[in-house]
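Trainee: There's a structure below that I have some questions on.
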Amino acid sequence: MMVGTIGELRRFPVKSLLGEVLTEAVVQPRGLAGDRRWAVRGADGRFGSGKSTRRFRQMDGLFQLAARYEGAVPVLRFPSGARLRGDDPAVHAALSRHVGEPVTLTAEEDVSHFDEGPLHVLTTASLGHLGGLLGGPVDPRRFRANLLVDVSGAPARLEDGWPGRTLHVGDEVVLRVTRRMTRCVMVNNAQQDLPHDGRILRAVATADELTFGVLAHVERAGTVRFGDPVVLRR
């Protein structure tokens, strides 16, 4: 059953920084090529994130930064407009000044930088439902999905029924939906022109126990493109 088309592709070169919109992306067994391949690591060895766990912790100011790739290296943009490549030795000191503690920009090694799963999928149906609860449209950037599926006339929170099923995207890629995505306070955070909005997480909690969108693993790699059809199968 065709459920919609790819309305947006987003990749985040550095975990918990703002990312980049793509017109096409290579999907590998790990997820989108280059997605969250880098992270900001504190002196305690934990990585900057929107939540605090054994491996991750909240770190101030990360949403004020953005990253995009030049080849295999991320280029970081600071609030001043300054840009530094990830392989420039000066990037560590610049990041440390920005967050107010000693940190380094670190490429992924043996353990993935993902804290939930390799691919995050969201539909415009869910965004529309949440907008109805909040009395106005909700920007998809708040949820940092890799794939935003544009659907029309679909029931609210369409993807809640997808775990255990497969999504066939375009001609090549097959994703296995594993579970619903648990949200954290990051969805409230200010970013670019979006102000802080504490209502977002409260509305998600009210709607469905802090879940919004779904996680998926890659069953067949390939390339996905803006506008590709998305077909749901058993």
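Trainee: Relative to the first principal axis of the alpha-carbon coordinates of the chain, what is the inclination of helix 199-208, with its axis defined by its Cα atoms, in degrees from 0 to 90 and to the nearest 10?
Mentor: Between the helix axis and the principal axis of the chain, the angle is about 40 degrees.
Trainee: GNM on the chain, C-alpha springs below 10 Å: top fluctuator among 158, 17, 32?
Mentor: Most flexible of the set in this elastic network: 158.
Trainee: Tell me, what HN-Hα J-couplings in whole Hz come from the Karplus equation 6.51 cos²θ - 1.76 cosθ + 1.60 at θ = phi - 60° for each residue of segment 52-66, using x for Gly and Pro?
Mentor: Each residue's phi maps through the Karplus curve to give 10, 9, 4, 9, 10, 8, 5, 9, 5, x, 5, 6, 8, 10, 9 Hz.
Trainee: I would also like to ask the following. Only Cα pairs under 8 Å and at least 6 apart count here; give the relative contact order of the chain as a rounded whole percent.
Mentor: Values: 534 pairs, mean separation 62.8, N = 234.
With pairs under 8 Å counted, the relative contact order is 27 percent.
Trainee: Taking only protein heavy atoms into account and a 1.4 Å probe, give the accessible area per residue of segment 123-234 in Å².
Mentor: Result: 45 Å² per residue.
Trainee: Compute the signed sum of charges (Lys and Arg +1, Asp and Glu -1) over the other residues within less than 9 Å, Cβ to Cβ, of residue 125. Walk me through the numbers before you get to the answer.
Mentor: On the way: positive: 157; negative: 159.
Result for the local shell: 0.
Trainee: Using mean Cβ contacts within 10 Å as the protection proxy, how do 184-196, 141-153 order, highest first?
Mentor: Working: 184-196: 14.5, 141-153: 19.7.
Taking the mean over residues of other Cβ atoms within 10 Å, the ranking is 141-153, 184-196.
Trainee: Next up: Show me the ranking of peptides 132-139, 61-68, 42-49 by mean Cβ neighbours inside 10 Å, starting with the highest.
Mentor: Numbers: 132-139: 13.4, 61-68: 19.6, 42-49: 16.2.
Packing proxy ranking, top to bottom: 61-68, 42-49, 132-139.
Trainee: Next question, about the same structure. Can you tell me the 0 to 90 degree angle between the C-alpha axis of helix 90-99 and the longest principal axis of the chain, rounded to 10?
Mentor: On a 0 to 90 degree scale, this one is about 70.
Trainee: What's the local net charge at residue 146, with K and R +1, D and E -1, over the other residues with C-beta under 10 Å away?
Mentor: With Lys, Arg at +1 and Asp, Glu at -1, the net is +2.
Trainee: Expressed as a whole percentage, what fraction of the accessible surface of segment 69-117 belongs to carbon and sulfur atoms when a 1.4 Å probe is rolled over the protein heavy atoms? Kindly include the intermediate steps, with their values, before the conclusion.
Mentor: Working: 1320 of 2600 Å².
Result for segment 69-117: 51 percent of the exposed heavy-atom area is carbon or sulfur.
Trainee: Shifting gears a bit: Calculate how steeply helix 124-134 sits against the longest principal axis of the alpha-carbon atoms of the chain, using the helix alpha-carbon long axis, and give the answer as 0 to 90 degrees to the nearest 10.
Mentor: Helix 124-134 and the main axis of the chain meet at about 80 degrees.
Trainee: How big is the chain in terms of Cα radius of gyration and Dmax, in angstroms?
Mentor: Expressed in Å, the Cα Rg and Dmax of the chain come to 17.4, 51.
Trainee: On average, how much accessible surface per residue is there in segment 1-42, in Å², for a 1.4 Å probe, leaving out ligands, DNA and RNA?
Mentor: Details: 1490 Å² over 42 residues.
I get 35 Å² per residue for segment 1-42.
Trainee: Which number comes out as Rg/Rh for segment 117-234 once both Rg and the Kirkwood Rh are worked out on C-alpha atoms?
Mentor: Values: Rg = 14.2 Å, Rh = 14.7 Å.
Here Rg/Rh amounts to 0.97.
Trainee: When the accessible area of segment 144-234 is computed with all protein chains present and a 1.4 Å probe, what percentage of it is carbon and sulfur? Please report the intermediate quantities before stating the final value.
Mentor: On the way: 2080 of 4230 Å².
Ligands and nucleic acids excluded, carbon and sulfur reach 49 percent.
The values are calculated or read from the model by the stated rules, or taken from the named source; none is laboratory data. All of these numbers come straight from a predicted model, not from anything done at the bench. When we count neighbours, we look across all protein chains shown, and the Cβ atoms used for this are built from the backbone with ideal geometry, even at glycine. When the accessible area is computed, the model is the full protein with side chains, heavy atoms only, and any ligands, DNA or RNA have been set aside. Shrake-Rupley method; radii C 1.70, N 1.55, O 1.52, S 1.80 Å.
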